[in-house]
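Here, each number is a calculation from the coordinates, and none is a lab measurement. These figures come from a predicted structure and were not determined experimentally. Here the Cβ positions follow ideal geometry from the backbone for every residue, glycine too, while neighbour counts run over all protein chains shown.
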Amino acid sequence: MKNEILQKLERIEKLLTVQKTKPYTFDEASAYLGISKSYLYKLTSGGKIPYYKPFGKKIYFDKAKLDEWVYRKPVKSVNEIEVEADEYMAKKR
């Protein structure tokens, strides 16, 4: 029980840490996005995610840029597709 409470407190602490407004470190960005550090490294090394390297070595991330990156490719629901198809067909008539 005590160990479970400590784990929950650690998760809460991580969540509070990543909600700050200063640039995220590599570890903070990984926690914020909910992805492994190795996957985040793959994304940065492949130039697939926006990041900053002001001192040439340490990597930083902007929360707003990360949010934009996460929301860049929305997947439409079946209902949204059907509505668009209906609207398209109505225009064709």
| said: Using Cβ counts within 10 Å as a stand-in for footprinting exposure, how do 83, 75 rank, fewest first? | reply: 75, 83
| field | Value at 222 nm in deg cm²/dmol, rounded to 500, when DSSP H runs of n ≥ 4 in the chain each add -39,500 (n - 2.57) | value | -19000 deg cm²/dmol
| remark: The simple spin-label model distance between residue 87 and residue 64, using points 7 Å out along Cα→Cβ, in nm, is 2.8 nm
| query | With the radius of gyration and the Kirkwood radius both derived from the Cα set of the chain, what is their ratio Rg to Rh? | reply | 1.20
| request: Report the residues of segment 30-67 in range of a label on residue 21: point 7 Å along Cα→C-beta, backbone N strictly under 19 Å from it. | output: 61-67
| query | What nm distance separates the two modelled labels at residue 35 and residue 57, each placed 7 Å from Cα along Cα→Cβ? | reply | 2.5 nm
| task | Quote the charge dipole size of the chain about the Cα centre in Debye, to the nearest 20; the model charges only the Cβ of Lys and Arg (+1) and of Asp and Glu (-1). | result | 460 debye
